[in-house]
Amino acid sequence: MKTLVFVGGGHAHLHCLGQIKKDPLPDCRVVLISPSLHQYYSGMFSGFAEGLYSIDDIRIDLRCLSESAGARFIMDRIVAIDPAAGQLTGANGAIYDYDLVSFDIGSDDSIPEEMKELLSPNKPNFLFPDRLLQLRKSAQPIIVGGGAAGVELAFSINAWRQEQGLPLNTILLSSSPLLSGLGERAIKSAEAIAYRKSLNFFTGYQVEVIDRGSVVTSERQAFPFSDLLWAAGPASFRLFEDAGLPTDEKGFLLVTNTLNVVGHPEIFGAGDCVTLEHYPGLPKNGVYAVRQGPVLWSNVKSRLASEELASFTPQKRFTSILSTGNGEALLLNGGITLHGRLPMKVKQYIDLKFMKRYKKIYE
Ligand SMILES: Cc1cc2nc3c(=O)[nH]c(=O)nc-3n(C[C@H](O)[C@H](O)[C@H](O)COP(=O)(O)OP(=O)(O)OC[C@H]3O[C@@H](n4cnc5c(N)ncnc54)[C@H](O)[C@@H]3O)c2cc1C
């Protein structure tokens, strides 16, 4: 009997767990190890911040999902990997053996080392909902990072504050233009919506120093804050580098198009925690983490059966739908830009469908 361990309840692993019941693995014990009972769906964090969703709406019960699939759930955080021994170490020293292991643990905060003591962490992602509840009612909230996450959350928090009669004083600080990773149209649309909704945003401002009550930027401007959320992009956990596994220069686990680690046929990875050797610039987002699920599942099965592995080919274009608060969203797809209630309805439909796919397995 072999042991297959899934580390982290990320998107690609949800897919694998969802498949086991339909397509059981012969002579294989399956274990999921994740540090929280729940996997939170980041696509719904903005709706949660705005008050559209309850905490139960945005999370999947990993124990129930695993057990319904015939897998064992262990609540633990993996802190070390010993590839030579085929062992993982948990936060309290427990040792877990594996024959085959897959990592889908997401990414860490990119808070600079010298600022870590002053800011509350948001990652792993089960910490995020509590951080949002704290931030949205804070006297002077600041969000650092003008990417999709920072923009969505700034709009959503202001929408919630409007409902509660609180001042619309959320500040969004970004070193680059808002949504710059999504192209010129996205930048123009995001800025126009921000002006229309009176969102205080400052672009071209690099955070240099944070002290207990204020942020000082490269422009020598000081912004006082009562709570600050760092949403300036993903960083890697140190786990892979510490284990001597192949990584990119930032410490993300390096995998081939088969989601397998070079030189380690028994180690796979997917989602934000990996970098694809042949697509090093691929953005780290939930879209690719979801798309990698079926290839990961197929390849894990093939490896157990000593068959050939399939390749993951990232799609060139994808549709982004970003919540902009007040029940509205911005849809971007190539040349198409659409803002208003309709894109938000589409987003809600897609997000609820995603959640239902997994919840219906155990509910
Ligand atoms: C506010 C916000 C909004 C976003 N909106 C979108 C969006 O609309 N569309 C989009 O495509 N992307 C979005 N993203 C990005 C998206 O969240 C990530 O790219 C995506 O969650 C990555 O998925 P994943 O499967 O790699 O990991 P995650 O979803 O982060 O899951 C990782 C899992 O691993 C567990 N874990 C972590 N460390 C360990 C460990 N050491 N041992 C065991 N388990 C561990 C975690 O608890 C978690 O269960 C958003 C991000 C944020 C912050």
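The values are calculated or read from the model by the stated rules, or taken from the named source; none is laboratory data. Just so we're clear, the structure is a prediction, and the values are computed from it rather than from any experiment. Virtual Cβ from ideal backbone geometry, glycine too; neighbours counted across all protein chains shown.
Numbers below:
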read-out	value
Meets criteria (of a type outside the set (Val, Ile, Thr) and part of a strand (DSSP E or B)) for residue 65	no
Selection from the stretch 1-15 of residues that are near the ligand (Cβ under 7 Å from one of its atoms), more than 14 Å from residue 33 (Cβ to Cβ) and in contact with a Leu (Cβ under 7 Å, 6 or more places away or on another chain)	12
Long-range neighbours under 9 Å by Cβ, at least six apart or interchain, first residue loosely packed, with under 15 Cβ neighbours inside 10 Å within the stretch 333-346, second among the aromatic types (Phe, Trp, Tyr)	333/318
Per-region count, the stretch 98-126, residues over 22 Å from residue 255 (Cβ atoms) and not small (Gly, Ala, Ser)	13
Close pairs (7 angstrom Cβ cut-off, 6 or more residues apart or separate chains): near the ligand (Cβ under 10 Å from one of its atoms) in the stretch 104-133, polar (S, T, N, Q) and assigned to a helix (DSSP H, G or I) anywhere	106/125; 125/42
Tally of residues being out of contact with any Ser or Thr (no Cβ under 6 Å at 6 or more places or on another chain), assigned to a loop (DSSP other than H, G, I, E, B) and surrounded by 24 or more Cβ atoms within 10 Å (Cβ to Cβ) across the stretch 141-156	0
Wholly within the stretch 230-284, strands (runs of 3 or more DSSP E) carrying at least 2 residues that are touching a residue at least 40 places away in the same chain (Cβ under 8 Å)	264-269
Enumeration of residues in the stretch 102-116 that are assigned to a strand (DSSP E or B) and closer than 17 Å to residue 62 by Cβ	102, 103
Residues of the stretch 349-363 satisfying the condition of being within 21 Å of the chain's Cα centre (by Cα) and either modelled with pLDDT under 95 or away from the ligand (no atom under 12 Å from the Cβ) (or both)	349, 352, 353, 355, 356, 357, 358, 359
Filtered residue count, the stretch 16-50, keeping only those that are under 23 Å from the mean Cα position of the chain (by Cα), within 22 Å of residue 239 (Cβ to Cβ) and more than 6 Å from the ligand (Cβ to nearest atom)	7
Single condition residue 269 does not satisfy, out of (1) among the small types (Gly, Ala, Ser); (2) within 14 Å of the ligand (Cβ to nearest atom); (3) more than 24 Å from residue 235 (Cβ to Cβ)	(3)
Of all residues in the stretch 35-54 being surrounded by fewer than 23 Cβ atoms within 10 Å (Cβ to Cβ) and among the hydrophobic types (A, V, I, L, M, F, W, C), the one that is nearest to residue 159 (Cα to Cα)	52
Among the candidates 46, 36, residue that is among the polar types (S, T, N, Q) and assigned to a loop (DSSP other than H, G, I, E, B)	36
Residue ID - farthest from residue 125 (Cα to Cα), chosen from residues in the stretch 49-62 that are not in a helix (DSSP H, G or I) and not aliphatic (A, V, I, L, M)	51
Among residues of the stretch 68-92, those that are over 26 Å from residue 21 (Cβ atoms), hydrophobic (A, V, I, L, M, F, W, C) and in a strand (DSSP E or B), counted	3
Qualifying positions in the stretch 1-34 - surrounded by 17 or more Cβ atoms within 10 Å (Cβ to Cβ) and among the aliphatic types (A, V, I, L, M)	4, 5, 7, 12, 14, 17, 20, 25, 30, 31, 32, 33
Single residue of the stretch 285-307 satisfying the filter (without any contact (Cβ under 8 Å) to a residue 60 or more places away in the chain and in a helix (DSSP H, G or I)) that is farthest from the ligand (Cβ to nearest atom)	302
